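Presented below is the structure to which this report refers.
The values are calculated or read from the model by the stated rules, or taken from the named source; none is laboratory data. Quick caveat, the model's predicted, so the values are computed rather than measured. Here Cβ is always computed from backbone atoms with ideal geometry, including for glycine, and neighbour counts include all displayed protein chains. Each accessible area value is taken on the protein alone, full model and side chains, heavy atoms only, with ligands, DNA and RNA left out. Shrake-Rupley method; radii C 1.70, N 1.55, O 1.52, S 1.80 Å.
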Amino acid sequence: MKVSKFGGSSLADAKQFRKVSDIIKADNSRKIVVVSAPGKRFKEDVKVTDLLINCAKTHYQSGKSDDDLELVISRYKEIAEELGLDSGIIDVIRDDLNQRLANTSITEGQYIDSLKASGEDNCAKLMAEHLRNQGLEANYISPKEAGLFLSNDYGNAHVLQQSYDNLAKLSENAGIVVFPGFFGYTPEGDLVTFSRGGSDITGSILAAAVKADLYENFTDVDCVFSVNPSLVANPKAIYELTYREMRELSYGGFSVLHAEALLPAYKEKIPVKIKNTNNPDCKGTLIVADRSPENGPVVGIASDTGFCSIYVSKYLMNREIGFGRKLLQILEEEGLSYEHTPSGIDDISVILHEEQFDSQTEEKVTNRIRTELEVDDIAVKRNIALVMIVGEGMRQSIGVAAKATRAFERANVNLDMINQGSSEVSMMFGVNANDADRAVQALYKEFFDCN
Ligand SMILES: Nc1ncnc2c1ncn2[C@@H]1O[C@H](COP(=O)(O)OP(=O)(O)O)[C@@H](O)[C@H]1O
Ligand SMILES: N[C@@H](CC(=O)OP(=O)(O)O)C(=O)O
């Protein structure tokens, strides 16, 4: 049995819906289909999820959002009409949206999640209808009915363990299960979504729950490339990756797969395949536990922006028992998560996502660190990008760091931080965000395009 997830780009319009149904028809082991909300039809288009977020925010604050609502409905209507579906399905979608909009007695976070999730939910209803119209036995299954339970972190939920036993029963369904991605329910029954791009996570959870033979993730590129194709023209294709490499690369900015999507599949050793809805015969990228060491030491180069660092120095920091714990405890008490903590003998930097660190929080946290830890120096640096080189082969190779720093030097990019993960499958560099693209291009030239 395969679990096949189709992303927003695969569901953007009626033409894409037809490609999806052709793919499902071509292989009767595709029994569980996870769908996102319709994505962009062209470069300047707006994803249905973004339309819904606008709609929710406006309506929650002003009680009105007619234009936004009509934009969302028109996306579904266009698809339904072109596919020749019964117009009743659009009435169902309109009623559903109106019900969600009317439920203003919840917090803004809950309200936005409820509207956001309707993108996937209504798309799944539409896809099930389209598949039935094509002569297939297909049923929309709601995450509530199936028992997909998530933590109550609105907009950033995590799966709860009891979901897996509940979802295992999906494999007993006679026809094709059409399951909306991106959301589930708290044990108290409230709707909650994963972070953006989270339909990838739903697919992986379902694949793990039913112990699928394969989790297919259909998108709009032939495979995972060694670098983001918007930064380097015709980058090298990657046909095989380990879970660890893909985890590092998706964390590092390969948005083709959500950074948290691999864990469920990895735990059950379910192979994951990235495939192209627009070119389904292309073999795609297979993600597995082990791979043959074919390429050089580095398999991919990723980068992501939106980080900041808190630099702290104190003479004899290395001798002060509990310094690191106290520092991180301040962050914990202020509700901040951190990404990395590169350190020296008398100094340490904490790298954070910048979005959670506004100027008010900065003032409070730096004051606390200054007074409670009696540090000599503290400085906050913003607008940081993390650039990562990743590859299982790095463990056995000498000179990878030298090659990388040579590339930074050639590109005239100053390095704020170097951090090698203990697993030795990745190396991370902190640079000014304005230099990140140039750094990635220089690294690509150094490791993949030496001629
Ligand atoms: N290294 C990479 N290899 C392939 N695609 C990448 C890479 N880095 C970023 N991407 C981007 O990921 C996109 C696919 O992810 P996404 O937009 O989330 O698709 P979907 O709509 O299927 O969920 C591609 O169109 C590509 O621009
Ligand atoms: N539609 C949601 C979830 C998702 O996974 O979308 P996509 O498959 O288009 O990345 C979002 O835009 O965040």
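Brief remarks on what is shown
- From the C-alpha gyration tensor of the stretch 146-190, square roots of 5λ in Å: 21, 12, 8
- Built from the Cα atoms of the chain, the convex hull projects on average onto 23.3 nm², one quarter of its surface area.
- Sulfur and carbon atoms: percent of accessible area, the chain [1.4 Å]: 45 percent
- Antiparallel bridges, percent of DSSP beta bridges restricted to the stretch 2-288 (to nearest 5): 25 percent
- Spatially proximal lysines relative to LYS445 (Cα-Cα < 24 Å; intrachain offsets below 8 disregarded): LYS236, LYS403
- Cα long-axis angle, helix 199-209 against the chain (0 to 90 degrees, to the nearest 10): 80 degrees
- Counting only Cα atoms, the size of the stretch 253-373 along its three principal axes is 62, 31, 26 Å, in decreasing order.
- Global size of the stretch 1-42 as Cα Rg and Dmax, reported in angstrom: 10.3, 33
- Computed over the alpha carbons of the stretch 51-121, Rg followed by Dmax gives 12.3, 39 Å.
- Angle between the chain longest axis and helix 14-25 axis [Cα atoms, degrees, rounded to 10]: 90 degrees
- Protection proxy ranking of 297-304, 330-337 - average other beta-carbon atoms within 10 Å, highest first: 297-304, 330-337
- Accessible solvent surface per residue of the chain, calculated while the other protein chains remain in place, 1.4 angstrom probe, Å²: 45 Å²
- In degrees, nearest ten, helix 359-373 long axis to first principal axis of the chain (Cα): 40 degrees
- Put simply, the Cα atoms of the stretch 300-448 extend 48, 31, 24 Å along their principal axes, the longest span coming first.
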